[in-house]
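Each remark here refers to the structure printed beneath this line.
Laboratory data are not the source of any read-out in this text; all were calculated from the coordinates shown. Computed from a predicted structure; not experimentally measured.
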Amino acid sequence: MIRKMMAWIVAVLLAHVSVAWSGMQDMDDESLDGVTAQASLFAVDYIPPGGGNPNSNIGFYRIALDAEMQMNANIRSLQLGCGGVKGSGCDIDISNVRLTGATASSATDSGPLTDAILTRPFFEFAIRNPTVAATREMVGIRFGAEQAFGKMTMGENPNPSDNSDDFGINSFSGDMNAVINQASMTNICARVLFCIMTTATLDPYDYAALHGGNPLIFNRSQNQTCGSTDYPTATNCMFMDGLVAHAALFGLTLDSRLTENLKYVHDLAITDTAGTGPVRGLYLSLQKEALYWQKVDGITNPFATVAAQQGWWMSIPQVTIQNLVINDYIEVSGTGALFGQPAVIQNVDLGQLPADNCYGSLQFC
C-alpha cells in the first residue's frame, strides 16, 4: 500500500509542475559560455532524534518541491480514517468540499476560475529508529505546504437564517486557529421583562491569542448538538469564548461565548488575518501514534505544540472568517449583560454560504 501511495504522490506532484518546454531555444557555444546557473527541483531535509525533537527516537525526512501548485477541486465526499482500530466513524468526514482561490464567494460562477495556491509543497516521513536498518519503522506520513493561500468551503446552507437545513462537516480531526473579522449579529433579542430587538457588531477575534497560542483541537469531533456543558472541553464543537459584541442598545457591551456545531461552518479562508496573504504549515497527516510534526513557520521552536493524534489529522495554522453576518434569532439576557455575565450563544446558523465552484445553475459538480 505504501508503494501505491508513493506512486500516487509523485504523480500528483509532477502533474502540477508546469515547465515551459515550448519556450526553450537552442543556444550556441558562445551563448552557453556566458550562462551560470544552478537549479534543483526537489529539496530533502532530515531532522534526527534527540535535541529539540520531542518524539521518542523518531527522525523526520522531508522531500519538498520547489514549485507552486495551483488547485481547484470539488470533492463530493471526503472520508478518511473510517472504521479500523478506532472503531466506527471517521477521522475526517466532510460533504461537498470545494477548494478554491481566496476570492471565491457564493456569487454565481465566482469559483471555477480561481485556484488555491500551495507554495513549496512537501511530503514527509516519520521513521522510528532511523539509523538502525533492522528495526527501522515508518510511523507517520504527512502532506503539506510551506505556504497556502485559498479557501475551503463545504456543505450546503439553503436558508442562511435557519440551522435545520445545514450540512457539511460530519466529523473532523485536527487543529486550527480561528480568526474572526468584520462580524455582526442582526437579530438579537435582549430580554429583560420583555424582548428588545437590537443588532451588534463583534470586535476582531483571535482564538489562539486568547488561549496562550494554543489552537482549537478536534479529535473525531462528531456532528452532534453543542450545549453549554460542552464548554470549555468541547470535543464536538467549535467554541469561541471572550467574543466582545457592541449592541446598538444604550451602548451595551456583551461579553459572549459561541458554542457551535461544526455542521454550521461552511466557509474557511486559509489566509492571513487581512485575507490577502498565505498561511504557513498547512498539512494533512496519517500516523500510527500521536506525533509532534515539525513547524515550517520559521519560529524558534521547530516542533508543533499540539500532537497529531493516531489516524488522519488536518492542521490548519489559521482560518480567517471574514464578513460574518449572523441573521439567526439570538436571545440573550439583558440583565446578565448589564452585570457582566457572558451571553451564551449556541448552534445558530452562522449565515455562511459555500463558494459557487460550478458554472451555471449547478450547486455542486
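Close amide H contacts of ASN219 (hydrogens built in the peptide plane, cut-off under 5 Å, sequence separation of 5 or more or a different chain): GLY174. Taking amide H as placed 1.01 Å from N in the peptide plane, the amide H of TRP293 sits under 5 Å from that of ALA304, ALA308, each at least 5 places away or on another chain. Scanning residues 5 or more positions from SER105 or on other chains, those with amide H under 5 Å from its amide H are SER110, GLY111, ASP356, with H placed 1.01 Å from N in the peptide plane.
How high is the relative contact order of the range 91-245, in percent, counting Cα pairs under 8 Å that sit 6 or more residues apart? If you can, show how the numbers build up before the last one.
Values: 272 pairs, mean separation 31.0, N = 155.
RCO, the range 91-245: 20 percent.
Here the Karplus curve 6.51 cos²θ - 1.76 cosθ + 1.60, taken at θ = phi - 60°, turns the phi angles of the range 57-62 into couplings of 6, 10, x, 10, 10, 10 Hz, with x standing for Gly and Pro.
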